[in-house]
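The values are calculated or read from the model by the stated rules, or taken from the named source; none is laboratory data. This is a predicted model, so every value here is computed, not measured. Neighbour counts are summed over all protein chains in view; Cβ atoms, including those assigned to glycine, are modelled from backbone coordinates with ideal geometry. Each accessible area value is taken on the protein alone, full model and side chains, heavy atoms only, with ligands, DNA and RNA left out. Shrake-Rupley method; radii C 1.70, N 1.55, O 1.52, S 1.80 Å.
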Amino acid sequence: MADSIQPLIEFETPRLRLRQWRESDLAPFAALAADPEVMAFLLPLPTRADSDALAASIKSRIAANGWGFWAVEHKDSGEFAGFTGLNAPLATLPFSPCVEIGWRFARHWWGQGLATEAARGALQVGFERLGLAEIVAFTALGNLRSAAVMERIGMHEDLAGAFDHPSVPEGHALRRHRLFRIGRPRR
């Protein structure tokens, strides 16, 4: 993490704009966070205050680092679709320190390849602009949709890297996680 403010990175893909968060993103973000299907593999369903606090935290980390979990805006409609980006996890994980890639989209945007498109853009930023050597992703064992995105963007499962997520209570069905990795492409 940087001690000083870093230049803000924002970018576009063919259909999406990945940008800093706005006040107008808070209501649609809270709505997607209140959707049990969207949150099926995440804990717990947040209150509106929790959702707003998470968005504020994400926004401040982007402001400090120049990158993070960007708000995803659908270019044609101008709608907030969710978030995608890179993050240095706050929890100490078995493979820390690391930078993870992650995403979360409102359900009506599912099935259109937007998570894959946004994640490919985030990987490009991570490798080409930030100079990262490796990016990881992880998800609860049953989250096949996210695992499929991880595979589509070229990540490979580290079968020896499965772990119990320290932020998920012992005995909870979502505690066990799969780990995926991707290294900087060689030129």
Q | Amide H within-cut-off set for Gln6, under 5 Å, with H built and near neighbours excluded | A | Asn65, Gly66
(Q) Counting just the Cα atoms, what span does the range 114-168 cover along each of its three principal axes? Round to the nearest Å and put the largest first. (A) 32, 23, 20
Q.
Out of all Cα-Cα pairs in the range 28-187, roughly what percent, to the nearest whole number, are more than 23 Å apart?
A. 36
Q: Find the accessible area per residue for the range 4-80; the probe is 1.4 Å, ligands and nucleic acids are left out, and the unit is Å².
A: 50
**Q.** Residue-level accessible surface for Arg107, protein heavy atoms, 1.4 Å, Å²
**A.** 100
Q. Reported to two decimal places, what Rg/Rh ratio describes the range 76-116 when computed on Cα atoms with Rh from the Kirkwood expression?
A. 1.11
Q: Report P(r) for the range 76-155: all Cα-Cα distances, bin width 10 Å, range 0 to the bin holding the largest distance, values in whole percent.
A: 17, 50, 29, 5, 0
Q) Tally Lys and Arg at +1 and Asp and Glu at -1 over the other residues with C-beta under 12 Å from the C-beta of Ala33: what net charge comes out? A) -2
Q. Using the Kirkwood radius built from alpha carbon pairs, what does the Stokes-Einstein equation give as D for the range 1-115 at 25 °C and 0.890 mPa s, in µm² per second?
A. 167
Q | Gain in span if fully extended, Arg152 to Ser77, counting 0.36 nm per residue against the direct Cα distance | A | 24.5 nm
**Q.** Volume in Å³ per residue [convex hull over Cα atoms, computed for the range 25-78]
**A.** 95
Q: Arrange the residues Arg181, Arg48 by how much accessible surface each exposes, largest first, with a 1.4 angstrom probe.
A: Arg48, Arg181
**Q.** Qualifying GluC sites (Glu not before Pro) for the range 128-183 [loop in DSSP, other Cβ within 10 Å: at most 15]
**A.** Glu170
Q.
Using the Cα centre of the chain as the reference point, and only Cβ charges (+1 on K/R, -1 on D/E), how large is the resulting charge dipole? Debye, rounded to the nearest 20.
A. 400
Q) With all protein chains present, how much of the accessible area of the chain (probe radius 1.4 Å) comes from carbon and sulfur, to the nearest whole percent? A) 53
